[in-house]
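One structure is given here, and the rest of the page talks about it.
The values are calculated or read from the model by the stated rules, or taken from the named source; none is laboratory data. Quantities reported herein were computed from a predicted structural model and do not represent experimental measurements. Please note: Cβ atoms are built from the backbone with ideal geometry, for glycine as well, and neighbour counts cover all protein chains shown. The area values use the complete protein model at the heavy-atom level, side chains included, leaving out ligands, DNA and RNA. Shrake-Rupley method; radii C 1.70, N 1.55, O 1.52, S 1.80 Å.
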Amino acid sequence: GPYDSHFVWKKNGQKMKACITEQSHMLFDGRVHVLSWVKDSVSENTEYKCSFISKVGNTTSEVRITVEDKDSAGQDGWTKEFDTWRSAISEHDKMMQNWRKTW
């Protein structure tokens, strides 16, 4: 990622300013590893778009979160999947902190 790079997050088409975490780490060859994520809660169907913008180019990722009834049979599956994602993000954060110490 070039030094001018930045993230733009949108929730349902509106630019977000809160709940956003960003990390950047210099790599030994001069490149920069950048990561961003949002911690948010939703009670209705929601679309998120994350754009990575720099002088070199832009790219956008998007995801739509569909909210189901709390009494839905899929709730247990979602809770397990959410816990898996939370664990993966925590593990990634630990890895990035170790990289920062190493570099």
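Listed values, structure above:
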read-out	value
Close pairs from segment 23-47: first hydroxyl-bearing (Ser, Thr, Tyr), partner part of a strand (DSSP E or B), Cβ under 6 Å, at least 6 apart	Ser24/Val32; Ser24/Val34; Ser36/Phe7; Ser36/Glu22; Thr46/Ile65
Among residues of segment 1-33, those that are among the hydrophobic types (A, V, I, L, M, F, W, C) and either touching a His at 6+ places or on another chain (Cβ under 8 Å) or loosely packed, with under 14 Cβ neighbours inside 10 Å (or both), counted	6
Candidate set from segment 61-78 (those that are at pLDDT 65 or above and open to solvent by 80 Å² or more (accessible area, probe 1.4 Å)); member that is farthest from Trp9 (Cα to Cα)	Asp76
